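If you scroll down you'll find the structure; I have some questions about it.
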Amino acid sequence: MKTPTLDLIEEHGGIMLMLSIMSKVSEKLNAGDEVKKEDLNKILEFLINFADKCHHGKEEDMLFPELAKNPVNLEFVSELIKEHKTGREYIKNISAAFENYGQENSAAREMAENMEKYVQLLTKHIAKENGELFPIANKELSNDTQKQMVEQFEKFEEDVIGAGKHEEYHKWLEELKKNYLD
Ligand SMILES: [Fe+2]
Ligand SMILES: [Fe+2]
């Protein structure tokens, strides 16, 4: 059966691959190697649309509110939302530094620093969700609720990133993986 947590775990897989790519890119930026603007653009769009708007959106708009109906989960859920917010700040900093990349010497270092912070934050965040939050969701949400949520996720994805975009992002991931990790 398709479940909301399986969908989110699959997206975590894509995000974790992006985190590995970002580690390598930040190494290059720190070493003063040139990184193609086109690649940095793809990384930023993936972070903004796929990781934040789509994935964190599904969690914040649908999964978390459902889990927060049980007061025992409130604190954990608000901790995870706070981490999403911190991640957004890092993405904003990467975007701002990207605007000056190639013109200001500090831009590469700033991008690298914020990429590293983002990688650290999201690595821990994803481990918490996969290892602690999702088992709670699987246990506490009824089959009907889970079924409905899967449908809501599908509709949300279409509205937020549009049909076909998901596949394109996976293609980008494969390309970036080849360029930076293989
Ligand atoms: Fe999350
Ligand atoms: Fe997540």
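The values are calculated or read from the model by the stated rules, or taken from the named source; none is laboratory data. Keep in mind that what you see is a predicted model, and the values were worked out from it rather than measured. Because the Cβ atoms are built from the backbone with ideal geometry, glycine has one as well, and the counts that use them run over all protein chains shown.
Can you give me the number of residues within region 36-83 that are touching a Gly at 6+ places or on another chain (Cβ under 8 Å) and more than 18 Å from ILE9 (Cα to Cα)?
Of the residues in that region, 1 qualify.
Moving on to the next point. Could you check region 122-182 for helices (runs of 4 or more DSSP H) lying wholly inside it with 2 or more residues that are of a type in the set (Lys, Arg)?
Qualifying helices (runs of 4 or more DSSP H): 143-160, 165-180.
Right, another one. Consider ILE91 carefully, then state whether it is more than 30 Å from THR145 (Cα to Cα), in contact (Cβ under 8 Å) with a residue 40 or more places away in the chain, β-branched (Val, Ile, Thr) and within 16 Å of ligand 1 (Cβ to nearest atom).
yes
Among the numbered criteria (1) closer than 20 Å to MET16 by Cβ; (2) away from ligand 2 (no atom under 15 Å from the Cβ); (3) surrounded by fewer than 13 Cβ atoms within 10 Å (Cβ to Cβ), which one does GLY162 miss?
It fails just one condition, (1).
Identify all residues within region 97-110 that are in contact (Cβ under 8 Å) with a residue 12 or more places away in the chain and either within 15 Å of SER20 (Cα to Cα) or surrounded by fewer than 21 Cβ atoms within 10 Å (Cβ to Cβ) (or both); write none if there are none.
If the condition is that a residue be in contact (Cβ under 8 Å) with a residue 12 or more places away in the chain and either within 15 Å of SER20 (Cα to Cα) or surrounded by fewer than 21 Cβ atoms within 10 Å (Cβ to Cβ) (or both), then PHE98, TYR101, GLY102, ARG109, GLU110 are the ones that fit.
Let me ask another. I'd like the full set of residues that are within 16 Å of ligand 1 (Cβ to nearest atom), farther than 20 Å from SER23 by Cβ and either among the small types (Gly, Ala, Ser) or in contact with a Cys (Cβ under 8 Å, 6 or more places away or on another chain) (or both), limited to region 118-152.
GLY131, ALA137
Here's a follow-up. Among (1) surrounded by fewer than 16 Cβ atoms within 10 Å (Cβ to Cβ); (2) over 19 Å from ILE81 (Cα atoms); (3) hydrophobic (A, V, I, L, M, F, W, C); (4) within 16 Å of ligand 1 (Cβ to nearest atom), where does LEU44 come up short?
It is condition (4) that LEU44 fails.
Find the residue count for region 116-164, including only residues that are closer than 16 Å to HIS56 by Cβ and modelled with pLDDT under 95.
Number satisfying all stated conditions: 4.
If only one of GLU140, GLU157 is touching a residue at least 60 places away in the same chain (Cβ under 8 Å) and in contact with a His (Cβ under 8 Å, 6 or more places away or on another chain), which one is it?
That would be GLU157, the only listed residue that is touching a residue at least 60 places away in the same chain (Cβ under 8 Å) and in contact with a His (Cβ under 8 Å, 6 or more places away or on another chain).
Follow-up. Which numbered condition in (1) within 16 Å of ligand 2 (Cβ to nearest atom); (2) over 30 Å from THR145 (Cβ atoms) is the only one that VAL25 fails?
(1)
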